[in-house]
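Here's the structure, in structure tokens; my notes come after.
None of the figures in this text is laboratory data; all of them are computed from the coordinates on show. These numbers were taken from a predicted model, which means no experiment stands behind them. Reconstructed Cβ throughout: ideal geometry from the backbone, glycine too, with neighbour counts over all protein chains shown.
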């Protein structure tokens, strides 16, 4: 069985969040000096602190932005700017789904030889909307989870009836898509994306010889063949 991540593996995502980050910074810059305030580190710390309550995705990011904006401006931020931040989130939630180059063909090719499943994390409504609009129909199971860690993958593989050593995960995040699966004894096809949220970065991971890195979707099938040989 082969699992595919959603955001930044099947469709574009992070660059839209990055643009929202820049728009947020432009708002806060009217109140404080961004360099001295350490806005990005403050916002990242706020987002990480809120993950247990809000989870991943647009809604958690926007709520964290509002919280950080109030804290960093000592409550001086205007209601109209809070509304602008909220509207940024609404725009992200309805942004059209844009598949990565070649990924539709890659999924279809993999599905000819393996069972394929989609495992993505984030806001349920938003992820379900992306799945409905992406046009990919080869997935036998679609799982939207609150976290992608060892416990989650262990539970899913038990439900799928697949041993870890017979499972490979394709994704752009070492932390969420690759490392937990390798820890269980599975395999990873790592397809880096040009933009990655700081929370998803993982230092010092070597893959234990069970990870193949590819430059794009066209390399996925060959990577899986190497694992099967």
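Summary of computed values
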| item | result |
| --- | --- |
| Volume in Å³ per residue [convex hull over Cα atoms, computed for region 114-229] | 118 |
| Nearest-ten-degree value, helix 14-28 long axis tilted from longest Cα axis of the chain | 10 |
| Overall Cα dimensions of the chain, principal axis frame, Å, largest first | 61, 36, 30 |
| Span from the region 86-159 Cα centroid across to the region 22-44 one, whole angstrom | 32 |
| Nearest-ten-degree value, helix 58-72 long axis tilted from longest Cα axis of the chain | 30 |
| For the chain, calculated [θ]222 nm from helices alone, where every DSSP H run of n ≥ 4 adds -39500 (n - 2.57) | -14500 deg cm²/dmol |
| Compactness of region 14-93 - radius of gyration and Dmax, Cα, Å | 11.6, 32 |
| Largest to smallest principal axis extent of the C-alpha atoms in region 131-180, angstrom | 29, 24, 19 |
| Tail beyond 14 Å, pair distance distribution of region 5-47 (Cα, percent) | 57 |
| Ascending count of other beta-carbon atoms within 10 Å, so fewest first, for 81, 7, 23 | 23, 81, 7 |
| 0 to 90° range, to nearest 10: angle between helix 124-134 axis and the chain longest Cα axis | 60 |
| Coarse-grained scattering of region 180-229 at q = 0.17, 0.20, 0.22, 0.24 Å⁻¹, given as base-10 log I(q)/I(0) from a Debye sum over alpha-carbon atoms | -0.57, -0.78, -0.91, -1.03 |
| Percent RCO, i.e. relative contact order, over the chain, from Cα pairs under 8 Å lying at least 6 residues apart | 24 |
| Alpha-carbon radius of gyration plus Dmax, which is the widest Cα pair, for region 59-102 in Å | 13.8, 47 |
